[in-house]
Amino acid sequence: MAGSTPASLSADAPAAGVVQARKARSISPAIETWRRFRRHVLAVSGAIVLLIMVLGVLVGPSIWAVPINEIDFTAKLQGPSLKHPLGTDDLGQDLLARMMYGGKISLAVGFAAMMVALVVGVLVGAVAGMASGWVDAALMWLTDLFLALPTLPLLLLVIYLFRDSVKQVLGVEGGAFVLIVVVIGGLRWMPVARLVRAQFLSLREKEFVEAARALGASKVRQVVQHILPNALGPVIVVGTIDVATAIIFESTLSFLGLGFPSDVPTWGSMLRDAKDYLDIAPHWALFPGAAIFLTVLAINFIGDGLRDAFDPRRVL
Amino acid sequence: MSRQYVIRRMLIAIPSLLGISVILFTILAMAPGDPFEELATNPAIPPEVRQALRTKFGLDDPVWQRYLHWLSAMVQGDWGFSFQSRMDVDTLILQRLPVTLIVIGASQILAISVAIPVGVLAAIRPYSVFDQVASTFAMIGFSLPTFFTGLVLILIFSIQLDWLPFVYRADIHATGWAFYWEHLKQSIMPVVVLGLAQAGTLVRFMRSSVLDVIRLDYVTTARSKGIGERKVIVKHVVRNALIPVVTLVFLQLPAVFGGAIVTEQIFRVPGIGSLLIAAILANDTPVVMGVTFVIACLVVLFNLIADILYGWLDPRISFR
């Protein structure tokens with residue numbers, strides 16, 4: 001197998017060998033997972049919606065090249081029209097352009113915070129799972145402690161205390177981005193850590209790891225080559241859901257006026273500005289709200305589909 | 001359930017309270033900003049006076065001494081003074097806390113009473129039409145951010161239909177039934193918003209919990225004894241399926257407090273959530289710290305209750 005597998009760290013290497021041994025015609029687990037995922041109608045629709053959203057915020061601004069801060073008082077609070085497909089806000093700024101700009105921020109925050117949570121969680125979980133003894137106990141105590149923390153109040157507290165000093169170092173927008181991503185990630189790694197630890201505890205006793213150990217593989221090699229790739233499935237599922245959670249947290253913060261500075265349009269801050277005009281311009285609140293909802297729903301369905309697809313016990 | 005188990009659980013809660021206080025204090029101590037910064041820039045105050053003040057208030061003490069000092073003050077209920085409201089922080093929080101607890105409690109009751117029947121019915125016939133519809137709606141409820149649900153409800157019921165008020169008022173000028181009716185009317189939307197978000201999670205959990213139990217041998221035994229299906233489900237299945245769900249209800253409370261902060265902000269409910277936001281926007285640090293600490297303590301308390309309830313509902317746990 002060593003000769004046939006590429007050097008890259010792929011999630012399928014060990015299991016692929018098993019399939020190959022059993023059947024002459026080999027289907028890699030990645031393809032198998034995709035085959036299972038494809039059958040989950042809602043998950044596929046979620047993936048398509050998310051893809052459209054990502055394309056929309058990345059490519060959209062070059063097609064719909066209206067500046068996000070062009071003020072036009074003659075066109076304020078207008079409903080959807082040909083000139084402004086999603087209408088305008090109280091300063092006559094084009095909502096479609098602002099939505100695309102805000103979507104870029106929301107999605108970027110979601111993915112970046114998920115990466116932070118995954119890196120910290122995998123690191124803590126892997127160390128705890130491999131170390132056992134007092135290191136394990138201490139790390140798990142820390143994890144439980146963090147799980148008991150109320151996320152949103154703490155998020156608000158940290159951002160309240162640190163936003164000015166971070167702003168000075170990294171600039172207004174960059175500072176807010178880094179702070180929000182680090183804090184959301186820093187308060188969301190615990191489920192990942194517990195999951196990774198549980199996976200490690202069971203995987204490290206499996207025969208293929210024992211075989212690697214018998215062949216003299218170092219601890220790091222055991223983890224990186226053999227245990228971690230097999231533990232990744234559920235971690236990817238949790239990571240997917242984490243993107244959705246992070247997007248909700250970011251928009252909640254912006255909605256409460258504590259996220260990005262108020263001149264940066266994000267979906268949350270647009271809702272915040274719109275909530276005082278609900279009676280005369282409901283479209284202003286409904287579009288960004290629906291965007292948050294659709295994105296989160298799409299990601300959650302993808303997570304559901306991935307969970308089913310990764311679960312080998314489930315017959316589809 | 002033994003008393004020993006309860007005591008042990010309570011003792012375990014103490015280190016987590018201390019741990020949370022350490023985290024809060026670390027955040028506070030690391031935060032930039034010096035309470036005597038104003039004095040430093042004021043030329044009328046000589047540096048020696050400033051230094052004397054710093055020494056007097058213990059700002060130059062080692063960190064652990066400052067932590068112990070802060071902790072003992074917190075334990076004694078000396079939480080500082082709100083600059084904004086001109087009153088002690090603990091009185092202020094005690095004034096606001098009941099409203100929050102009532103709203104959260106009512107929303108939990110709503111969530112549970114919706115989620116349990118729906119989850120059970122969905123699990124009895126998995127992959128049926130009802131199950132698919134319920135699961136989809138659960139996912140929608142779970143994905144809807146509370147602030148958006150709140151705004152949509154305001155749009156429908158306050159602006160379009162004009163049935164419910166969208167600002168929560170503490171000073172209702174009415175007596176007798178009218179007073180309660182007004183209070184009920186203005187509480188409906190906050191409670192529904194919080195409850196529905198929670199119900200989505202609970203339905204999913206209840207469904208999988210029932211699915212886990214319904215396949216067990218003792219359920220087959222009950223059926224084969226000739227007990228009616230209804231009785232099997234209610235008396236045998238649901239009872240055991242509820243155990244993890246009860247725990248989840250309590251373990252979800254940190255998230256519910258987060259939702260309550262947003263909901264209170266939207267409907268201007270005078271609870272600790274809106275107090276926290278108002279204090280943050282007004283740079284009222286003692287109140288911010290106090291509210292965060294209270295919420296953290298409540299969460300630890302509810303975790304403790306969840307543990308104890310779990311031991312009571314599932315006697316196998318206690319003997320571990």
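The values are calculated or read from the model by the stated rules, or taken from the named source; none is laboratory data. Please read all numbers here as calculations on a predicted model, not as lab measurements. Methodologically, a virtual Cβ is constructed for each residue, glycine included, from the backbone with ideal geometry; neighbour enumeration extends over all protein chains shown. Remember, those area values only see protein heavy atoms, side chains included, never the ligands or the DNA or RNA. Shrake-Rupley method; radii C 1.70, N 1.55, O 1.52, S 1.80 Å.
Overview of results
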quantity: Complete set of residues in the stretch A:121-150 that are within 11 Å of another protein chain (Cβ to nearest Cβ), assigned to a helix (DSSP H, G or I) and out of contact with any helix residue (DSSP H, G or I) (no Cβ under 6 Å at 6 or more places or on another chain); calculated: A:Trp141, A:Leu142, A:Asp144
quantity: Residue list for the stretch B:253-294, restricted to those being hydrophobic (A, V, I, L, M, F, W, C) and closer than 14 Å to B:Val103 by Cβ; calculated: B:Leu253, B:Val256, B:Phe257, B:Ala260, B:Ile261, B:Val262, B:Ile266, B:Phe267, B:Val269, B:Ile272, B:Leu275
quantity: Matching entry among B:Leu155, B:Leu71 (being in a helix (DSSP H, G or I), modelled with pLDDT of 80 or more, of a type outside the set (Val, Ile, Thr) and closer than 30 Å to A:Ile280 by Cα); calculated: B:Leu155
quantity: Among (1) closer than 23 Å to A:Gly185 by Cα; (2) more than 11 Å from chain B (Cβ to nearest Cβ); (3) open to solvent by 40 Å² or more (accessible area, probe 1.4 Å) - the single one A:Phe310 does not satisfy; calculated: (1)
quantity: Residue list for the stretch A:124-147, filter: free of Cβ contacts under 8 Å to residues at least 40 places away in the same chain and of a type in the set (A, V, I, L, M); calculated: A:Val127, A:Ala131, A:Val135, A:Ala137, A:Ala138, A:Leu142, A:Leu145
quantity: Single unsatisfied condition, B:Tyr127 versus (1) in contact with a helix residue (DSSP H, G or I) (Cβ under 9 Å, 6 or more places away or on another chain); (2) surrounded by fewer than 17 Cβ atoms within 10 Å (Cβ to Cβ); (3) within 14 Å of another protein chain (Cβ to nearest Cβ); calculated: (1)
quantity: Checking B:Ile109 against (1) closer than 29 Å to A:Asp273 by Cα; (2) open to solvent by 10 Å² or more (accessible area, probe 1.4 Å), the condition it does not meet; calculated: (1)
quantity: Residue under evaluation B:Ser113, criteria (1) of a type in the set (Ser, Thr, Tyr); (2) in a loop (DSSP other than H, G, I, E, B); (3) more than 14 Å from every other protein chain (Cβ to nearest Cβ); (4) free of Cβ contacts under 8 Å to residues at least 60 places away in the same chain, criterion not met; calculated: (2)
quantity: Among the residues listed as A:Ile236, A:Ile292, the single one being of a type in the set (A, V, I, L, M, F, W, C), in contact (Cβ under 8 Å) with a residue 24 or more places away in the chain and open to solvent by less than 30 Å² (accessible area, probe 1.4 Å); calculated: A:Ile292
quantity: Residue that is free of Cβ contacts under 8 Å to residues at least 40 places away in the same chain, in contact with a helix residue (DSSP H, G or I) (Cβ under 9 Å, 6 or more places away or on another chain), more than 13 Å from B:Tyr5 (Cβ to Cβ) and open to solvent by less than 50 Å² (accessible area, probe 1.4 Å), where the choices are B:Leu298, B:Leu276; calculated: B:Leu276
quantity: Residue that is away from chain A (no Cβ under 14 Å), assigned to a helix (DSSP H, G or I) and within 22 Å of the chain's Cα centre (by Cα), where the choices are B:Leu184, B:Leu121, B:Leu194; calculated: B:Leu184
quantity: Residue match in the stretch A:263-275 (condition: surrounded by fewer than 20 Cβ atoms within 10 Å (Cβ to Cβ) and more than 13 Å from every other protein chain (Cβ to nearest Cβ)); calculated: yes
quantity: Per-region count, the stretch B:291-320, residues among the small types (Gly, Ala, Ser) and under 28 Å from B:Val192 (Cα atoms); calculated: 2
quantity: Within the stretch B:4-38, tally of residues that are modelled with pLDDT of 75 or more and over 23 Å from B:Ala73 (Cα atoms); calculated: 6
quantity: Any hit, the stretch A:129-147, residues being in contact with a Pro (Cβ under 9 Å, 6 or more places away or on another chain), on the phi < 0 side of the Ramachandran plot and surrounded by fewer than 17 Cβ atoms within 10 Å (Cβ to Cβ); calculated: yes
quantity: Which listed residue, of B:Trp79, B:Trp70, is touching a strand residue (DSSP E or B) at 6+ places or on another chain (Cβ under 8 Å), open to solvent by 30 Å² or more (accessible area, probe 1.4 Å) and of a type in the set (A, V, I, L, M, F, W, C); calculated: B:Trp79
quantity: Some residue of the stretch A:102-115 being out of contact with any Pro (no Cβ under 8 Å at 6 or more places or on another chain), open to solvent by 40 Å² or more (accessible area, probe 1.4 Å), at pLDDT 70 or above and in a loop (DSSP other than H, G, I, E, B); calculated: no
quantity: Test: residue in the stretch B:73-83 that is away from chain A (no Cβ under 14 Å), within 24 Å of B:Pro270 (Cα to Cα) and over 25 Å from the mean Cα position of the chain (by Cα); calculated: yes
quantity: Leading residue by the ranking (nearest to the other protein chains (Cβ to nearest Cβ)) among those in the stretch A:240-262 that are in contact (Cβ under 8 Å) with a residue 24 or more places away in the chain and among the aromatic types (Phe, Trp, Tyr); calculated: A:Phe249
